[in-house]
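**Q** Can you read through this structure? Questions will come right after.
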């Protein structure tokens, strides 16, 4: 995206998209890497991996609603985390696809954040999505101003 020095909205929109991208990367890698470890541990032992005394991906509402932790469930979560990481890169690059991805990912993320009782997911994911939308709108406004 071309930045015009006379358009503060272009700078602001790009910067906001980059912050959204960083949040996406933190979410994707922060949950995804432990998710890979959790899959390996669960496949080997049949038990939920515990980190610093806390079950990583088990013991939450999924289990209380009859959905037991399993390799396929963990793999689905890691797939969402991988998509989140890609989305973070797209947002960093100020891509419209990153904004669309952020919106599309939210329901899947909310499902897993709720089911695995991951309170930091919404604290980062919802602002990521809002920032992606706000940043994209500011970038569009700035490009209309330049035209």
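What follows draws every value from the coordinates through simple rules; no lab data is involved. Not measured: the values here are computed from a predicted model. Backbone-built Cβ (ideal geometry, glycine too); neighbour counts: all protein chains shown.
**Q** Working from Cα positions, state the angle (0 to 90°, nearest 10) between the long axis of helix 96-115 and the longest principal axis of the chain.
**A** 30 degrees
**Q** Show that you can apply the helix-only estimate: for the chain, add -39,500 (n - 2.57) for every DSSP H stretch of four or more residues, divide by all residues, and state [θ] at 222 nm to the nearest 500.
**A** -26500 deg cm²/dmol
**Q** Can you put 69, 45, 50 in order, fewest other beta carbons within 10 Å first?
**A** Working: 69 24, 45 9, 50 13.
Fewest to most other Cβ atoms nearby, the residues stand as 45, 50, 69.
**Q** Find the Rg to Rh ratio for segment 9-146, where Rh is the Kirkwood radius over alpha-carbon pairs and Rg uses the same atoms.
**A** 1.08
**Q** If I fit a long axis through the Cα atoms of helix 120-146 and take the longest principal axis of the Cα atoms of the chain, what angle between them do I get, 0 to 90°, rounded to 10?
**A** Orientation of helix 120-146: about 20 degrees from the principal axis.
**Q** Could you list the residues of segment 72-103 with an amide nitrogen less than 18 Å from a label point located 7 Å from the Cα of residue 33 in the Cα-to-C-beta direction?
**A** Once the point is set 7 Å along Cα→Cβ of residue 33, 78-89 turn out to lie under 18 Å by backbone N, inside segment 72-103.
**Q** Fewest first, what order do 100, 26 take by the number of other Cβ atoms within 10 Å?
**A** Lowest to highest Cβ neighbour count: 100, 26.
**Q** Oh, and also: Work out the FRET efficiency for residue 89 and residue 67 from their Cβ-Cβ distance, taking R0 = 22 Å, and round it to the nearest 0.05.
**A** Here the calculated transfer efficiency is 0.10.
**Q** Working from Cα positions, state the angle (0 to 90°, nearest 10) between the long axis of helix 8-45 and the longest principal axis of the chain.
**A** Approximately 10 degrees, to the nearest ten.
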